[in-house]
1. What do you get for the angle between helix 20-31 and the principal long axis of the chain? Use alpha-carbon atoms, 0 to 90 degrees, nearest ten.
2. Rounded to the nearest 500, what is the 222 nm mean residue ellipticity of the chain from helices alone, with -39500 (n - 2.57) per DSSP H run of 4+ residues and division by all residues?
3. Which of the lysines could a cross-linker span from K44 if the Cα-Cα distance has to be under 19 Å and same-chain partners fewer than 8 positions apart are dropped?
4. Using a Cα-Cα cut-off of under 18 Å, which lysines could be cross-linked to K4, ignoring same-chain neighbours fewer than 8 residues away?
5. Apply 1/(1 + (r/R0)^6) to the Cβ-Cβ distance of T87 and R14, taking R0 = 30 Å, and write down the FRET efficiency to the nearest 0.05.
6. If you place +1 on the Cβ of every Lys and Arg, -1 on the Cβ of every Asp and Glu, and leave all else neutral, what size is the dipole of the chain about its Cα centre, to the nearest 20 Debye?
7. Mind ranking 59-68, 5-14, 30-39 by how tightly packed they are, going by the mean number of other C-beta atoms within 10 angstrom, highest first?
Amino acid sequence: MQRKYLAKIHVTLRPSVLDPAGVAVQSGLKQMGYETVENVRIGKYIELTIISQDETKARRDLDNICDQMLANPVIENYRFDLIEVETQTGVF
């Protein structure tokens, strides 16, 4: 039996990495009068579905996907939430 999971992935720059886009947004917000905004960081949000035998394998595969394709592990961190959305029977 296969299970389908929805993965909600957040990729952010490591705290030690300068974020020029975040600095630009923060500056623009201050110019617009939002003086209370501090420490803007820009990241990525990705959703995908993955079909797997179980949650453990899905998590392991997602770790590999994030490490190899979706995030640059040298300068970025990632985290994901995994939600089972469907159980499927039969052969793919």
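Every number here is computed from the coordinates shown, using simple stated rules; none is lab data. For clarity, every value in this text was computed on a predicted model and none was experimentally measured. Cβ placement follows ideal geometry from the backbone for every residue including glycine, while neighbour counts extend to all protein chains displayed.
1. On a 0 to 90 degree scale, this one is about 50.
2. Calculated at 222 nm, the ellipticity per residue is -7500 deg cm²/dmol.
3. Of all the lysines, those that pass the test against K44 - Cα under 19 Å, at least 8 places apart if same chain - are K8.
4. K57
5. After rounding, the FRET efficiency stands at 0.25.
6. Roughly 60 debye, rounded to the nearest 20.
7. For the peptides 59-68, 5-14, 30-39, the packing ranking is 5-14, 59-68, 30-39.
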